[in-house]
Amino acid sequence: MTRSGPAWMPPPGTISAHPAGEDWDAIVVPQTRGLDALQVLDHRTDRYPGPVIWEVSAPQARLYFLVPAGTSAEWTVEGTRACGRGTFIGVPGPTVIDPPGPHWLCPPDPDDPEGLVDADALRDALLLLAPGTAA
């Protein structure tokens, strides 16, 4: 079985726990707000937003935006959770694109396998969508 994707990605057809804070941090966003933020990112960047994992089988469906390691130390967006060192995230292999369990909504870009979600752009998108803010 050959590996496809970044070195931190597990083999095809598998899901494994990966420590946040090493290759990336994860910003956890409730499903609806996360999908809305992803739409804003797509519109604003007109390009691939970076790797996003979707967990629909959890009690509360959510998205995990993989951002540069160290982002969690200064992340303060209300209604989201930053995962850095000491946290493990279920990471799907490159072929895991459907539920159940964690799967890729936006897999890593094959042309830029180490590329991540721009944390500042994600913060801006989430703040734009915050209750009480005008779009």
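Just a few scattered comments:
- Any hit, the stretch 80-91, residues being closer than 26 Å to P12 by Cβ and among the charged types (D, E, K, R): no
- Filtering the stretch 55-109 to residues that are over 22 Å from D36 (Cβ atoms) and free of Cβ contacts under 8 Å to residues at least 60 places away in the same chain leaves P68, A69, G70, A73, E74, P100.
- Just one of (1) open to solvent by 10 Å² or more (accessible area, probe 1.4 Å); (2) in a strand (DSSP E or B) fails for V29. It is (1).
- Of residues in the stretch 45-62 being farther than 11 Å from V29 by Cα and open to solvent by less than 60 Å² (accessible area, probe 1.4 Å), the one nearest to the chain's Cα centre (by Cα): P51
- Considering P11, P49, P68, P59, the condition of being over 18 Å from L105 (Cβ atoms) and in contact with a helix residue (DSSP H, G or I) (Cβ under 9 Å, 6 or more places away or on another chain) is satisfied by P68 alone.
- Selection within the stretch 9-26 - under 14 Å from the mean Cα position of the chain (by Cα) and not in a strand (DSSP E or B): M9, A20, G21, D23, W24
- Tally, over the stretch 20-54, of residues that are of a type in the set (G, A, S) and closer than 22 Å to P6 by Cα: 4
- Here D46 clears all of (1) out of contact with any Phe, Trp or Tyr (no Cβ under 8 Å at 6 or more places or on another chain); (2) over 23 Å from R85 (Cβ atoms); (3) touching a residue at least 24 places away in the same chain (Cβ under 8 Å) except the condition numbered (3).
- Reported count of residues in the stretch 96-122, each being surrounded by 15 or more Cβ atoms within 10 Å (Cβ to Cβ) and either at pLDDT 95 or above or assigned to a strand (DSSP E or B) (or both), is 13.
- Considering the stretch 63-95, and only residues there that are touching a Leu at 6+ places or on another chain (Cβ under 6 Å) and not in a strand (DSSP E or B), the residue that is least open to solvent (accessible area, probe 1.4 Å) turns out to be V77.
The values are calculated or read from the model by the stated rules, or taken from the named source; none is laboratory data. Quantities reported herein were computed from a predicted structural model and do not represent experimental measurements. Reconstructed Cβ throughout: ideal geometry from the backbone, glycine too, with neighbour counts over all protein chains shown. Remember, those area values only see protein heavy atoms, side chains included, never the ligands or the DNA or RNA. Shrake-Rupley method; radii C 1.70, N 1.55, O 1.52, S 1.80 Å.
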